[in-house]
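For reference, the structure is listed below as C-alpha cells.
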Amino acid sequence: MAKKALWSKIARVCILATLLPAALTQVQAQKRDPMAMPVVEEDSIMKHIIELSADSYQGRMAGTIGYDQAVSYVEQVLRGYGAKITEQRFNIECNEVENCKFNIYTPGTKDKRVFTLGNEFCCAGMTGRGYVDAQMVFCGYGIDDEEMNDYKGVDVQGKIVVLLTGLPQGSWLPANVANHNTTLRDKARTAERHGALGVLAINLTNSCQPYEVQGRVYCGELPHLATFPILHLTLDCAREIFQGEAMPIDSAISAINEDRLPHSFALLKKAEVDVNAIYRQRAVTANVLGLLQGYDHKIDDELIVVGASLDHVGMQGETCLFPGADINASGVAAVLETARLLSQPQYRPRRSILFVLFSSSEQQYLGSRVFLSNFPKLRKIEAFINVQNIGHGDSIVIFGDNRYPSLWEIARVRDSVNHNLLWHNPEKTNPRGDARGFDVIGIPSLVFTTLNGMHHNHVTADIWENIDRRMLTGATQVVVETVRELTDGMYRGRSPKSKALKFIE
C-alpha cells in the first residue's frame, strides 16, 4: 500500500509538471494578447491638457520656469508608467516680456487711446526693450530693395515704422528679395538702418481672426536688437489707428498688392511704446526622453519613437497668456496616453518605445534637431510617430504617405477598422515639423494632426474648454493602435542604407 501511495504521488507530480508549462503559457497569454487593442480614455487625456494649459505654466515657453515645470510634470507621469527618464539639455534664445504699454494720440489734442496687452496687441517674440514716443510712418511691407522700396519718399528718422507682416500677395518679388525680407527681425533691421526707433507690425496671417492677438517666439536669425521695440498688432487694432489718416489700412494693403508699388505715408498720430523685457541668448531648456523597454530580447534594442512638442509661446505681462491647449498640449497628452496604455502588462511591447517631448519647436524645431544630433542609437529607430495639434478639426490628417507608404498604410488600416476619421488626401504628403529631421536620415515618419483644426493657432483663446473631445479621443486612439502594431515586430520599414547614415545638420 505504501508503494502504491508513493507511485500515486509521483504520477500526480508528473502530470502537474506536464501541465505547468501550458498553464504558464495560458497565464502569459491572458496577460498579453497581441490581437487586443487598448482603449483610450477621454478623461485621462483631458487631465494632461487641463494641467499643461493652466496659468501656472505661463504658456510653456522654452527657457522659462513655466516650461521647466512642464518638464517636471511629464517626467513624473512617464516615470509612473515605468519609463526610464533622461534629458537632453541645450541652449536657446529666450525673451521674457515683463510688461508693455502701447498708446496712440494726436498731437495738440487730449485724446489718447490706451491699448491692452493681450487684447489688441502683443510683443514680437524677440522684441527689444525700451521707451519710444514718436510719430508713426506707414512703410508697406518694410522692404528696401530695387524691386520694391517702401522707404522711398518718406522720412522715418527718429520715428516709429508701421508695416505689414509677410510678403505682398502672390509675391512677385524675386526669391533673393523675398528671403531677406520675410521675418520681423529682417524688417526691424531695415527700419533701424533708416533711423527708425521701433516697429509696429500688423499681423496679416490667415491663421487667426482680425481681432485675435497671435504670439510667436521665432522672429528671424540673430543678432538681437536689444533696444529696438517690436510690437505685433491685430488687424482690427491697425484699422482703428488708421482712422482719419491719408488712407485706411485695408485700402493701403489692396493698393500695394494691386499696383505692386509702394504706398507709404506719414500718419498724423504719434505712438508711445514702453517695453520691459529680459533677454537671454543662452537660456537652458531640455528635451524629455522616456524609454519603455520591450520584452522580446530579439528585438528590444529596436525603437519606435513617439514624440510631440512640449513648448509653446509663453506669457507676456499679466494680461497676455497663450495657454497652448491644442498647440500642443493635445499632442503631449496623446503621447502620455500612449505610454499609459502600452505600459500595461496585457499590451506590453515587444520592441522598445522611446517617448520624446521636444523643446523649442517654436524656434524652427530646434529640439528635434538637437535630439537627432545627440541621440546615440539613431540606427535602432525603426519609425517615428509625431503628434501635433489634434484637439480640433474635421478629420485626421497623417502626413508622410509620399515617403513612407507602407508605414502610412498601417495607420490607415488601423483607422478604417473602427474609426474612419482619416481624410484621404489625393495628393501625396511628406513628413513635416519635428519629423523633417527624421526624414532627412531615412527614418520612416508619420505626423498625426487634423484637417481644418487651426482654429486657435497661437492665440489666447487656445484654452482647454475649446478642445473638441471627440476628435481628440479618436485621433489618440488611432495613434495608440498604430504604435501598438509597430511595436509587435512585424513592421520592417527602414532600409539598411538609411541605418548607415548619420544626421548632419
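The values are calculated or read from the model by the stated rules, or taken from the named source; none is laboratory data. Here the structure is a predicted model, which means the values were calculated and not measured. Neighbour counts are summed over all protein chains in view; Cβ atoms, including those assigned to glycine, are modelled from backbone coordinates with ideal geometry.
Odds and ends about this structure:
- Looking across segment 113-162, the residues that are in contact with a helix residue (DSSP H, G or I) (Cβ under 6 Å, 6 or more places away or on another chain) and closer than 18 Å to L225 by Cα come down to A124, G142, V161.
- Answer from V305, V273, V288 - the residue that is touching a strand residue (DSSP E or B) at 6+ places or on another chain (Cβ under 6 Å) and in the same structural domain as N103 (by TED's automatic domain parsing): V273
- Test: residue in segment 79-97 that is part of a helix (DSSP H, G or I) and more than 19 Å from A124 (Cα to Cα): yes
- Scanning segment 137-156 for residues that are in contact (Cβ under 8 Å) with a residue 60 or more places away in the chain, under 20 Å from E272 (Cα atoms) and within 37 Å of the chain's Cα centre (by Cα) yields a total of 3.
- Check on T64, modelled with pLDDT under 95 and either among the β-branched types (V, I, T) or in the same structural domain as R469 (by TED's automatic domain parsing) (or both): no
- Output for segment 120-142, where each listed residue is under 16 Å from V162 (Cβ atoms) and in a loop (DSSP other than H, G, I, E, B): E120, A124, T127, C139, G140, Y141, G142
- Of all the listed residues (V154, V97, V137, V74), the sole one being out of contact with any Ser or Thr (no Cβ under 9 Å at 6 or more places or on another chain) and of a type outside the set (K, R) is V74.
- One residue stands out in segment 101-110 among those that are part of a loop (DSSP other than H, G, I, E, B) and not hydroxyl-bearing (S, T, Y): the one that is modelled with the highest pLDDT, namely P107.
- Residue ID - surrounded by the most Cβ atoms within 10 Å (Cβ to Cβ), chosen from residues in segment 370-411 that are part of a helix (DSSP H, G or I) and without any contact (Cβ under 8 Å) to a residue 40 or more places away in the chain: W408
Yes or no, residue by residue, for (1) in contact with a strand residue (DSSP E or B) (Cβ under 6 Å, 6 or more places away or on another chain); (2) closer than 16 Å to L184 by Cβ; (3) among the small types (G, A, S):
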{"residue": "C122", "(1), (2), (3)": "yes, yes, no"}
{"residue": "M126", "(1), (2), (3)": "yes, yes, no"}
{"residue": "R129", "(1), (2), (3)": "yes, yes, no"}
{"residue": "G140", "(1), (2), (3)": "no, yes, yes"}
{"residue": "M148", "(1), (2), (3)": "no, no, no"}
{"residue": "V161", "(1), (2), (3)": "yes, yes, no"}
{"residue": "L164", "(1), (2), (3)": "yes, yes, no"}
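- Members of segment 177-200 that are outside any helix (DSSP H, G or I) and among the small types (G, A, S): G195, A196, G198
- Residues located in segment 157-173, provided they are surrounded by 22 or more Cβ atoms within 10 Å (Cβ to Cβ) and either within 12 Å of P262 (Cβ to Cβ) or touching a Ser or Thr at 6+ places or on another chain (Cβ under 9 Å) (or both): V161, L163, L164
- Scanning segment 412-438 for residues that are part of a helix (DSSP H, G or I), in contact with a strand residue (DSSP E or B) (Cβ under 8 Å, 6 or more places away or on another chain) and either under 24 Å from N466 (Cβ atoms) or modelled with pLDDT under 95 (or both) yields a count of 5.
- Pick from segment 94-136, criterion within 32 Å of the chain's Cα centre (by Cα) and among the small types (G, A, S), ranking: nearest to V275 (Cα to Cα): G130
- Of all residues assigned to segment 211-230, at least one qualifies as being free of Cβ contacts under 8 Å to residues at least 60 places away in the same chain and farther than 22 Å from D250 by Cβ.
- Yes/no for D462 being within 16 Å of the chain's Cα centre (by Cα) and either part of a loop (DSSP other than H, G, I, E, B) or crowded, with 19+ Cβ neighbours inside 10 Å (or both): yes
- Qualifying residue in segment 111-119 (condition: outside any loop (DSSP other than H, G, I, E, B) and crowded, with 19+ Cβ neighbours inside 10 Å): yes
- Taken over segment 182-207, residues that are crowded, with 19+ Cβ neighbours inside 10 Å and either under 22 Å from the mean Cα position of the chain (by Cα) or free of Cβ contacts under 8 Å to residues at least 12 places away in the same chain (or both) amount to 4.
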